[in-house]
Structures are given as C-alpha cells and as structure tokens.
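Enquirer: Before I ask anything, let me first share the structure, which is written out below as structure tokens.
The values are calculated or read from the model by the stated rules, or taken from the named source; none is laboratory data. This is a predicted model, so every value here is computed, not measured. Heads up, the Cβs are rebuilt from the backbone with ideal geometry, glycines too, and the neighbour counts pull from every protein chain shown. Side chains included, ligands, DNA and RNA excluded: accessible areas come from the protein's heavy atoms. Shrake-Rupley method; radii C 1.70, N 1.55, O 1.52, S 1.80 Å.
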Amino acid sequence: MDDGPERARELLASSGVRLHTLLARITLRADAADDLLQELFLKLSRSPGFMSATQPEAYAHRVAVRLAFDWRRAQRRERVVTLDGSDVAAGGRAPLASLAAREELDSVLAGMEALPTQAQQVLSMRFLEGQSYQAIADELGCTAHRARSICHKALTRLRQVVARTTADAPDGEPHDA
C-alpha cells in the first residue's frame with residue numbers, strides 16, 4: 001500500500017499554514033501560494049525521498065522553497081499589477097512608497113533565486129518566517145552556531161548579488177535578470 005498521500009496529508013495538516021505563508025511571502029501572491037501548496041502536496045505524495053526522509057517537515061520546506069522560486073522564475077516575464085489593493089507588500093502605505101517597497105522586495109527575492117537551495121531555505125526561514133537560529137539548526141540537523149554561520153554567508157552572498165544586479169542596471173535601477 002502507498003502511504004505517500006497519507007503522510008503528505010498529515011504533514012500538511014500540521015505544517016500547511018506555515019508552508020502556505022512561506023509560499024505567499026516568496027511569490028507575493030496568495031493565489032499562487034494556494035496553487036503551489038496543492039502542487040507541493042502532489043510532489044510530496046509521489047516522492048520516494050519524502051517517504052524515506054527522517055525529517056519530513058524539513059524536506060517539505062525545502063521543496064516548497066524550490067517550488068516558489070521556480071514559480072517566480074517562470075513568472076518573471078509576466079508581471080501582474082494588482083489595482084484592487086491586494087498587494088502583499090503594500091502594508092497600507094502611500095502608493096509610491098508601496099511601489100518602491102515592492103520593487104525592493106522583488107529585487108531581494110530575485111537575488112535569492114541565484115543562491116543555492118540551502119541558502120534560500122535558511123534565509124527564508126530566518127527572514128521570511130522569523131525563525132530562531134536554534135529552530136533552523138533543528139530543521140537542518142546542525143548546531144545553532146552552524147545555522148548562524150550559514151545564514152551569515154548566505155546574506156553576504158545575497159547582498160553581493162543584489163548589489164551587482166543594481167550596479168548593472170541603467171541609472172542604478174534594479175532590473176530583471
């Protein structure tokens with residue numbers, strides 16, 4: 001009997017809200033997060049790696065981060081502008097400030113796409129989910145000191161990527177790579 005769908009269902013019952021929030025923060029769209037959560041369930045329920053994973057939540061988190069960044073990469077050419085005020089990054093600010101914040105967030109998330117999977121995972125856990133270094137270490141199976149080191153190196157690399165992208169753009173404005 002195939003336990004994949006049942007194990008995936010149990011994981012999503014316990015961690016689905018966290019994974020959906022993560023997907024929404026990376027994609028900046030709740031509708032995309034809904035679709036990606038369904039895709040995540042399908043991938044997990046069919047994955048032999050998930051079935052043999054000793055830390056199924058960490059495995060699911062890693063797959064969710066990859067799905068979200070793959071989605072962003074595919075959508076890069078199809079930028080959608082919302083006019084109904086449902087912008088995830090808006091936060092009730094003036095339209096110009098909202099636009100600037102959204103572009104800055106897009107620039108950082110685009111920079112994260114260029115990082116290795118582990119760096120994406122650690123940065124998303126620390127800065128998008130607000131997890132402690134100890135919680136990150138538990139999920140990665142290392143010490144809190146090692147998690148802090150990985151996060152620091154990933155953040156340094158992200159700053160370099162974003163700075164290079166900004167410097168390459170005409171007039172210092174960020175562009176899609």
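Enquirer: Here are some conditions: (1) among the aliphatic types (A, V, I, L, M); (2) over 18 Å from Leu128 (Cβ atoms); (3) loosely packed, with under 12 Cβ neighbours inside 10 Å; (4) at pLDDT 90 or above. Val17 meets all but one. Which one does it not meet?
Expert: It fails just one condition, (2).
Enquirer: Restricting attention to the stretch 29-57, which residues are in contact (Cβ under 8 Å) with a residue 40 or more places away in the chain and either among the polar types (S, T, N, Q) or surrounded by fewer than 17 Cβ atoms within 10 Å (Cβ to Cβ) (or both)?
Expert: Within the stretch 29-57, Ala30, Ser45, Arg46, Ser47, Met51, Gln55, Glu57 qualify.
Enquirer: Taking the condition of being open to solvent by 20 Å² or more (accessible area, probe 1.4 Å), within 11 Å of the chain's Cα centre (by Cα) and hydroxyl-bearing (Ser, Thr, Tyr), how many residues in the stretch 106-134 meet it?
Expert: 1
Enquirer: Further question on the same structure: Spot the failing condition for Ser98; the list is (1) at pLDDT below 75; (2) surrounded by fewer than 12 Cβ atoms within 10 Å (Cβ to Cβ), and only one is missed.
Expert: (2)
Enquirer: Residues to consider are Gly91, Gly130; find the one that is farther than 21 Å from Thr165 by Cβ and modelled with pLDDT under 85. Steps first, answer last, please.
Expert: Details: Gly130 fails: modelled with pLDDT under 85.
None of the others qualify; the one that does is Gly91.
Enquirer: Given (1) modelled with pLDDT of 90 or more; (2) surrounded by fewer than 18 Cβ atoms within 10 Å (Cβ to Cβ), identify the lone condition not met by Ala147.
Expert: In the conditions (1) modelled with pLDDT of 90 or more; (2) surrounded by fewer than 18 Cβ atoms within 10 Å (Cβ to Cβ), Ala147 misses (2) alone.
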